[in-house]
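What follows draws every value from the coordinates through simple rules; no lab data is involved. Here the structure is a predicted model, which is why all the values come from computation and not from measurement. Glycine gets a Cβ as well: all are built from the backbone with ideal geometry, and neighbour counts include every protein chain shown.
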Amino acid sequence: MNDVDTVMELHKIDNTPKMLIVYCTLAGLISAMIISGLLEVIDFASGTPNGTFFVVIGLSLGFNDPASAQYIGLGLHILTGTVAGNIFGQIALFWPKLIPYNMKRGVSFGLMLGISLWAVLFVPLATFGIQPKLDTFMITEASTYAHSVANHFAGLYYFVLAASLLFHLVYGAVFGLLAGRMTGVKLSTRKLIDAKIKGN
């Protein structure tokens, strides 16, 4: 295979639209993991047992064992962030105006994604799923651990909503930075390949 054939092959690989989905999915995964880590840091700094936020998710789904509830909650949290990135990438393929071809553009769209996730997913889930479950733990014969977790979040509903908006904005900003950077590198590489092809 000569140099021209090699460049043509690289061009075909680099020109694959599926790479946008890969970049956005990877950006969603990394962003979700970073936010999960920040939540753990906040638990540590506030003296709250590690993974309390994730435990709430697990308990709300019926996993009463503390360890299981925490891991289920953490897994779902990361999975949700990853899937959100994947969906964004798929939508961007069909609506090119959403393609984050640089970091500035990526952050703008990422913040929109973060706000959308908060409004469409988190607020309804917290309002109609998690909060009623915590209220139930407060007034019923739940396990001691579930009762203590419910006590910890008692009266904090609006604070949690506001804080979660901030975290979703951070998720969106990080997602946009990563997706914009990866996509920008891809486009820069494509331009170099196109220039080399034309030069030959």
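What is the extension gain from LYS97 to SER164, computed as 0.36 nm multiplied by their sequence separation minus the C-alpha to C-alpha distance, in nm to one decimal?
Values: separation 67, 0.36 × 67 = 24.12 nm, distance 2.78 nm.
Extra length from LYS97 to SER164 when fully extended: 21.3 nm.
What ³J(HN,Hα) values, in whole Hz, does the Karplus curve 6.51 cos²θ - 1.76 cosθ + 1.60 give for segment 23-33 when θ = phi - 60°, with x put for Gly and Pro?
My calculation for segment 23-33 gives 4, 5, 5, 5, 4, x, 5, 5, 4, 5, 5 Hz in order.
What FRET efficiency do you get for ALA45 and THR140 if R0 is 35 Å and r is their Cβ-Cβ distance, rounded to the nearest 0.05?
On the way: r = 31 Å, r/R0 = 0.89.
Here the calculated transfer efficiency is 0.65.
With θ set to phi - 60° and the Karplus curve 6.51 cos²θ - 1.76 cosθ + 1.60, what are the ³J(HN,Hα) couplings of segment 124-133 in order, to the nearest whole Hz, using x for Gly and Pro?
Those phi angles translate into x, 5, 5, 6, 9, x, 6, 4, x, 5 Hz.
Suppose the chain between ASP65 and ILE115 were pulled fully straight at 0.36 nm per residue; how much longer would it get relative to their current alpha carbon spacing? Kindly include the intermediate steps, with their values, before the conclusion.
Details: separation 50, 0.36 × 50 = 18.00 nm, distance 3.19 nm.
That pair, ASP65 and ILE115, stretches by 14.8 nm at full extension.
When Lys and Arg each count +1 and Asp and Glu each count -1, what net charge do the other residues less than 15 Å away from ALA173, Cβ to Cβ, add up to? Walk me through the intermediate numbers first.
Numbers: positive: LYS104, ARG105, ARG181; negative: none.
Value of the local net charge: +3.
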